[in-house]
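The structure under discussion appears below in the form of structure tokens.
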Amino acid sequence: MDFFPADAPGDDEIPFEQVDERTPSFEPPRDELPALFAVSEVIGRGDDVVIALTGVRVYSDGVELLVDRHLRRGGRDPREWQLAQMDFSGHWGPAMNGSDRLRWGLVLGDGERLFTDGRFGIPGAETPEGHTVRVTGGGGSGGAESSTMHDGLWLWPLPPEGPLELVLQWPAFGIGESRVIVDGGQLRALAASVKPLWG
């Protein structure tokens, strides 16, 4: 497993600042109806976890990759199941922290590599140079036998022509480096069919 770089030492504290205007590198447009790119591929699989790419929302200036994470109870007793669900959803434990955490990365058609550690963060004041990727809001649900989480990965700006490779690893749930590839050129082409949300 050598795709992801080592963590840099530093302070995890992020100052909060209220931002009213959209920061394009931080979130999809709020006033567009995206074009949908159909895809249904398993990215990674552990004993009781499956992570799948379930589609891509294409906007005028970026794409949001839609990912579903599925956890089944397996042979866990009630206490183990409760802890596993908390870990899986990101509310507690090593599955979202340290070297065993869920990690995402992208390789663009021009070879550029992008990484996110699943932190929401806050938008910066400066426009970044090159492409960025970050985790967008999601949600989920769970019950007595299974749990599902929905994630988004916002890539800004639109990807270049060529393959767009989504890479992940989640050692806490037994998933080593895993990847799936979609066509960046097809995503770029779909951007022309994006419609304004408010007419």
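The values are calculated or read from the model by the stated rules, or taken from the named source; none is laboratory data. Quantities reported herein were computed from a predicted structural model and do not represent experimental measurements. All Cβ positions, even for glycine, are placed from backbone atoms using ideal geometry, and neighbour counts span all protein chains on display. Side chains included, ligands, DNA and RNA excluded: accessible areas come from the protein's heavy atoms. Shrake-Rupley method; radii C 1.70, N 1.55, O 1.52, S 1.80 Å.
Calculate one ³J(HN,Hα) per residue across the range 160-175 by plugging θ = phi - 60° into the Karplus curve 6.51 cos²θ - 1.76 cosθ + 1.60, and present them in order as whole Hz with x for glycine and proline.
Using θ = phi - 60°, the values come out as x, 4, x, x, 10, 9, 9, 10, 9, 8, 8, x, 4, 10, x, 10 Hz.
State the extension gain, in nm to one decimal, for the chain segment bounded by R45 and L197, taking 0.36 nm per residue of separation less the distance between their alpha-carbons.
Values: separation 152, 0.36 × 152 = 54.72 nm, distance 3.64 nm.
Taking 0.36 nm per residue and subtracting the Cα distance, the gain is 51.1 nm.
Tally Lys and Arg at +1 and Asp and Glu at -1 over the other residues with C-beta under 13 Å from the C-beta of G152: what net charge comes out?
On the way: positive: R57, R69, R134; negative: E27, E64, D68, D151.
Once positives and negatives cancel, what remains is -1.
Given a cut-off of under 8 Å on Cα pairs at least six residues apart, what relative contact order in percent is computed for the chain?
28
Enumerate the amide H contacts of W104 below 5 Å, restricted to partners 5 or more residues apart or on another chain; note that Pro and chain-start residues carry no placed amide H.
T116, G118
Can you give the accessible area of D77, probe radius 1.4 Å, in Å² rounded to 10?
Accessible area, nearest 10 Å²: 70 Å².
From the phi of every residue in the range 185-199, what ³J(HN,Hα) in whole Hz does the Karplus formula 6.51 cos²θ - 1.76 cosθ + 1.60 yield, where θ is phi - 60° and glycine or proline is x?
x, 5, 5, 4, 5, 5, 4, 5, 9, 5, 10, x, 5, 9, x
Using a/c under 1.5 as the rounded threshold, could you call the range 125-199 rounded, prolate or oblate? The axes a ≥ b ≥ c are square roots of the C-alpha gyration tensor eigenvalues, and prolate needs a/b larger than b/c, oblate otherwise.
Because a/c hits 1.5 or more and a/b exceeds b/c, the range 125-199 counts as prolate.
Grab the beta carbon distance between L33 and D110, set R0 = 35 Å, and tell me the FRET efficiency rounded to 0.05.
0.75
Tally Lys and Arg at +1 and Asp and Glu at -1 over the other residues with C-beta under 11 Å from the C-beta of G174: what net charge comes out?
-2
Within the chain, what whole-number % of the accessible surface is contributed by carbon and sulfur, with the 1.4 Å probe and all protein chains included in the calculation?
50
If you place +1 on the Cβ of every Lys and Arg and -1 on the Cβ of every Asp and Glu, how big does the dipole about the Cα centre of the chain come out, in debye to the nearest 20?
Using Cβ point charges on Lys, Arg, Asp and Glu, the chain gives about 660 debye.
Tell me, how many Å apart are the Cα centres for the range 127-171 and for the range 35-104?
Measuring centre to centre over Cα atoms gives 10 Å.
Which order do R113, R45 take when ranked by solvent-accessible area (1.4 Å probe, heavy atoms of all protein chains), largest first?
Of R113, R45, the descending order of accessible area is R45, R113.
Under 5 Å between amide H atoms, partner at least 5 residues away or on a different chain: which partners does T132 have, H built in plane at 1.01 Å?
Here W156 satisfy the definition.
Accessible area per residue for the chain in Å², computed with a 1.4 Å probe and the full protein assembly in place, what is it? Don't jump to the answer; show the numbers that get you there.
Details: 10790 Å² over 199 residues.
Result: 54 Å² per residue.
For a protection proxy built on the mean count of beta-carbon atoms within 10 angstrom, sort 145-153, 36-44 highest first, please.
Result, highest mean Cβ count within 10 Å first: 145-153, 36-44.
Obtain the nm distance between the two label points defined at Q82 and D100 by a simple spin-label model: each point lies 7 Å from its Cα along the Cα-to-C-beta direction.
So the two model labels end up 2.0 nm from each other.
Given the Cα-Cα distance of I181 and T148 and 0.36 nm per residue of separation, how much length would full extension add, in nm? Present the calculation step by step, with values, prior to reporting the outcome.
Working: separation 33, 0.36 × 33 = 11.88 nm, distance 2.27 nm.
My answer for the length gained is 9.6 nm.
With springs only between Cα atoms under 10 Å, which of P28, P128, P157 fluctuates most in a Gaussian network model of the chain?
Maximum among the listed residues: P128.
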